[in-house]
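Below is one structure; the comments refer to it alone.
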Amino acid sequence: MCGIVGYIGTKKASPILINGLIRLEYRGYDSAGISTIEKDGLSIMKDKGRVNNLYNLPGIDDLEGTIGIAHTRWATHGKPSKENSHPHMDNSKAFSVVHNGIIENYNELKKFLTDNGYTFYSQTDTEVIPNLIHYYYEKDNTNDDNKFLKAVKNACLDLKGSFALEVICKDFPENMIVVRKDSPLVIGKGNGENYVSSDIPAILSFTKDFYLLNDLEFVILSKNDAKFYDKDLNMIEKETKTIEWNASSAEKDGFEDFMLKEIYEQPTAIRETIGSKLNENSKCEFDELNFTKEYLNSINKIYIIACGTAMHAGLVAKNVMEKLCKIQTEVDIASEFRYREPLVDKNTLSIFISQSGETADTIAALKLCKEKGAKTIAISNVIGSSITREAHYSIYTHAGPEIAVASTKAYTSQVVLLTLLAIYFAEILGNSKDIIENLKKDILDLPKKVDETLKDSEIIKNFAKKVYQEHDIFFLGRGIDETVARESALKLKEISYIHADSYPAGELKHGPIALIEKDITVIGIMTDPKLVDKTVSNIQEVISRGAKTLIVTNQKIDSKMFDLVIKIPETNAFISPILSVIPLQLFAYYISKEKGLDVDKPRNLAKSVTVE
Ligand code: G6P
């Protein structure tokens, strides 16, 4: 977690850095700080809390430096405080560093440095880095131009763990050094200036041309140049990649919050994700994969692995994969999968879903599958993200930048893409032709139906007004609807801090029904014609115990039984989650608004979890 930004050019760095930090605040907002090179040396300004506190610090407008680094923190080592805020300096105040990641061997390094006379002023793992750089810098008796680079490189080779670093040095006022290992970092190429950021959207308004770094590639940035080196400091060539995202898509466009904007962007996100992969009268195309029937027949199991909402998209896809492709499909949480010696071999196909493409546990699970000989496919929303560089194959959702911490449009786009993938496999295998034909039509109709579903927002807002003060809300569903219950409960807890739980409706009477008491709110999702009567019976069980009920359905049910019924358009059961989740995304959103909370940046969370 944590967000970092850097600027080197001819303009005042501080406003550019603060602007970038505001856009990266979703990655953590425990503290913020910047360091620039001023006429009299390195300057550091930092404070606990949000970027706004930094912005309001007296003297921040007086910074004149045209080179600087900046950081917004999600605390891992050491509480949120000014001392623990980045940037951190070495004892001699020659180097200033910002860091995203975790240094696993920092205790050992701290002891080594303490034994060598260094003092530490924070509880962070990061503070060892500038001091270690200083240690190597002082040890080097040469005076060559690469002295700064060599010191950073030597320090980095001692670090265990993950890091994206920006380093500036008072002796090299024209340069910034950046490097990454297992943490995200991109370089934006401007005209006579260069930018650094943890992600692309934060600097998209300045440039569309990016350099993407691999692990342990070092870069010396100057205002007109970027020089790249491998870990042995051999120079390497790098091409820029042009990113087609529109800068305004990373802005709020008149919506009150990013989350609301992103909910309303779902028709476009889904349309773009379907893209050229699907036409009604032709086969589903995934040119990136080129799989053969022989290969697909050799697969013994598909694993879908992810975290959070992305994992919930996997749960939806399990159904369609198994039904269309007749291949056993397991869905796993990345942080669990890694540590339970999964049965993976060369005949396993493993699919990893990650909106950001930077989630540490998902990337580690992918590496494990590769080691065991499995083929790996990454599904990400971010071109060139770390996971896409690790996987054998990468396919993309085209949801555009998702800024709100609670994922909405990325989830529905992931479900669409996974469904298309299942169709692609099934068509190669020659399976399920009749189902596929109708499913394709329903997928192509989705953007229009999502638009229709979004029209119900006022009714949901009013229901949210009635229940926003509750302490517990339950979500029930069966089959595919149960996966939506999980995702909706997660959405609600993330942004409203209400305890929300989801259960398979049929499991209710095996324990959870003991929690149902008068006036508690229960939300039922019913889209599968085969299961609707059963779910209605389960909901009746809670109504008879006094629960208030909100139902999301596309089936004909007796509306009078329930407090509120939200009707959504009918569609194929495989993809009904894409429609049924939308009213519940809005429900979570409006509850959070009623409670006056920060919807886009809920407490304790971060959008991209780049630590394990
Ligand atoms: C965090 C976010 C979730 C997200 C999960 C996985 O927990 O708060 O919204 O679903 O990470 O992120 P990824 O980028 O891998 O999809």
For Leu597: the one exception among (1) open to solvent by 20 Å² or more (accessible area, probe 1.4 Å); (2) at pLDDT 95 or above; (3) closer than 20 Å to Val415 by Cβ: (3)
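Can you confirm whether Val609 is open to solvent by 20 Å² or more (accessible area, probe 1.4 Å) and either more than 16 Å from the ligand (Cβ to nearest atom) or outside any strand (DSSP E or B) (or both)?
Yes: the conditions hold for Val609.
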Number of positions in region 403-442 that are over 16 Å from the mean Cα position of the chain (by Cα), small (Gly, Ala, Ser) and closer than 19 Å to Ile305 by Cβ: 1
What's the number of the only condition in (1) under 30 Å from Val152 (Cβ atoms); (2) among the aromatic types (Phe, Trp, Tyr); (3) surrounded by fewer than 17 Cβ atoms within 10 Å (Cβ to Cβ) that Tyr229 fails to meet? (3)
If only one of Val450, Val467, Val416 is under 25 Å from Ile263 (Cα atoms) and at pLDDT below 95, which one is it? Val467
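Filter region 374-384 down to the residues that are small (Gly, Ala, Ser) and free of Cβ contacts under 8 Å to residues at least 60 places away in the same chain, then identify the one that is nearest to the ligand (Cβ to nearest atom). Give the steps one after another, and end with the answer.
In the first step, residues of region 374-384 are kept if they are small (Gly, Ala, Ser); the result is 374, 378, 380, 384.
Those left that are additionally free of Cβ contacts under 8 Å to residues at least 60 places away in the same chain: 378, 380.
On the way: Ala378: 10, Ser380: 8 Å.
If we take residues in region 374-384 being small (Gly, Ala, Ser) and free of Cβ contacts under 8 Å to residues at least 60 places away in the same chain, then Ser380 is nearest to the ligand (Cβ to nearest atom).
Check Thr66, Thr72, Thr76 and return the single one that is in contact (Cβ under 8 Å) with a residue 40 or more places away in the chain, of a type in the set (Ser, Thr, Tyr), closer than 30 Å to Arg603 by Cβ and open to solvent by 20 Å² or more (accessible area, probe 1.4 Å).
On the way: Thr66 fails: closer than 30 Å to Arg603 by Cβ; Thr72 fails: open to solvent by 20 Å² or more (accessible area, probe 1.4 Å).
Of Thr66, Thr72, Thr76, the one residue that is in contact (Cβ under 8 Å) with a residue 40 or more places away in the chain, of a type in the set (Ser, Thr, Tyr), closer than 30 Å to Arg603 by Cβ and open to solvent by 20 Å² or more (accessible area, probe 1.4 Å) is Thr76.
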Selection within region 79-102 - under 28 Å from the mean Cα position of the chain (by Cα), part of a loop (DSSP other than H, G, I, E, B) and in contact (Cβ under 8 Å) with a residue 60 or more places away in the chain: His86
Residues being more than 16 Å from the ligand (Cβ to nearest atom) and either without any contact (Cβ under 8 Å) to a residue 24 or more places away in the chain or farther than 28 Å from Val599 by Cα (or both): count how many of those fall in region 483-514. 10
Look through region 302-330, keep the residues that are open to solvent by 20 Å² or more (accessible area, probe 1.4 Å) and farther than 17 Å from Leu490 by Cα, and return whichever of them is farthest from the ligand (Cβ to nearest atom). Lys326
Residues that are within 11 Å of the ligand (Cβ to nearest atom), out of contact with any Lys or Arg (no Cβ under 9 Å at 6 or more places or on another chain) and not β-branched (Val, Ile, Thr), drawn from region 331-355: Ala334, Ser335, Phe352, Ser354
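Table: residues versus (1) buried (at least 17 other Cβ atoms within 10 Å of the Cβ); (2) of a type outside the set (A, V, I, L, M); (3) over 22 Å from Ile203 (Cβ atoms).
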| residue | (1), (2), (3) |
| --- | --- |
| Thr242 | no, yes, no |
| Glu251 | yes, yes, no |
| Gly254 | no, yes, yes |
| Lys261 | yes, yes, no |
| Asp287 | no, yes, yes |
| Glu294 | no, yes, yes |
Please work out if Ile591 is closer than 14 Å to Ser457 by Cβ and either touching a residue at least 60 places away in the same chain (Cβ under 8 Å) or within 16 Å of the ligand (Cβ to nearest atom) (or both). yes
Among the residues of region 20-54, what is the count of those that are touching a residue at least 40 places away in the same chain (Cβ under 8 Å), under 20 Å from Val178 (Cβ atoms) and open to solvent by 10 Å² or more (accessible area, probe 1.4 Å)? 5
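Confirm whether Ser432 is small (Gly, Ala, Ser) and touching a Cys at 6+ places or on another chain (Cβ under 9 Å). Steps first, please.
On the way: small (Gly, Ala, Ser): yes; touching a Cys at 6+ places or on another chain (Cβ under 9 Å): yes.
Yes.
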Kindly indicate whether Asn438 is at pLDDT below 95, in a loop (DSSP other than H, G, I, E, B) and open to solvent by 20 Å² or more (accessible area, probe 1.4 Å). no
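In region 133-146, which residue that is touching a residue at least 12 places away in the same chain (Cβ under 8 Å) and not hydroxyl-bearing (Ser, Thr, Tyr) is least open to solvent (accessible area, probe 1.4 Å)? Break it down into steps so the answer makes sense when it comes.
We begin by selecting, within region 133-146, every residue touching a residue at least 12 places away in the same chain (Cβ under 8 Å); these are 133-137, 146.
In the following step, the residues that additionally are not hydroxyl-bearing (Ser, Thr, Tyr) were identified as 133-134, 146.
On the way: Ile133: 1, His134: 29, Asn146: 57 Å².
Taking the candidates together, the pick is Ile133.
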In region 400-421, the residues that are open to solvent by 10 Å² or more (accessible area, probe 1.4 Å) and away from the ligand (no atom under 11 Å from the Cβ): Gly400, Ile403
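Name the residue, out of Ile243, Ile177, Ile203, that is of a type in the set (A, V, I, L, M, F, W, C) and at pLDDT 95 or above.
Working: Ile243 fails: at pLDDT 95 or above; Ile203 fails: at pLDDT 95 or above.
Among Ile243, Ile177, Ile203, only Ile177 is of a type in the set (A, V, I, L, M, F, W, C) and at pLDDT 95 or above.
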Among the residues of region 386-399 satisfying the criterion of being surrounded by fewer than 22 Cβ atoms within 10 Å (Cβ to Cβ) and assigned to a loop (DSSP other than H, G, I, E, B), which is nearest to the ligand (Cβ to nearest atom)? His398
Residue among Glu358, Glu371 that is near the ligand (Cβ under 9 Å from one of its atoms), open to solvent by 10 Å² or more (accessible area, probe 1.4 Å) and acidic (Asp, Glu): Glu358
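The values are calculated or read from the model by the stated rules, or taken from the named source; none is laboratory data. Everything numeric here is computed off the predicted structure, so don't read it as measured data. We place every Cβ from the backbone using ideal geometry, glycine too, and count neighbours over all the protein chains shown. Ligands, DNA and RNA are stripped out before the accessible areas are found, and what is left, the full protein with its side chains, is counted by its heavy atoms. Shrake-Rupley method; radii C 1.70, N 1.55, O 1.52, S 1.80 Å.
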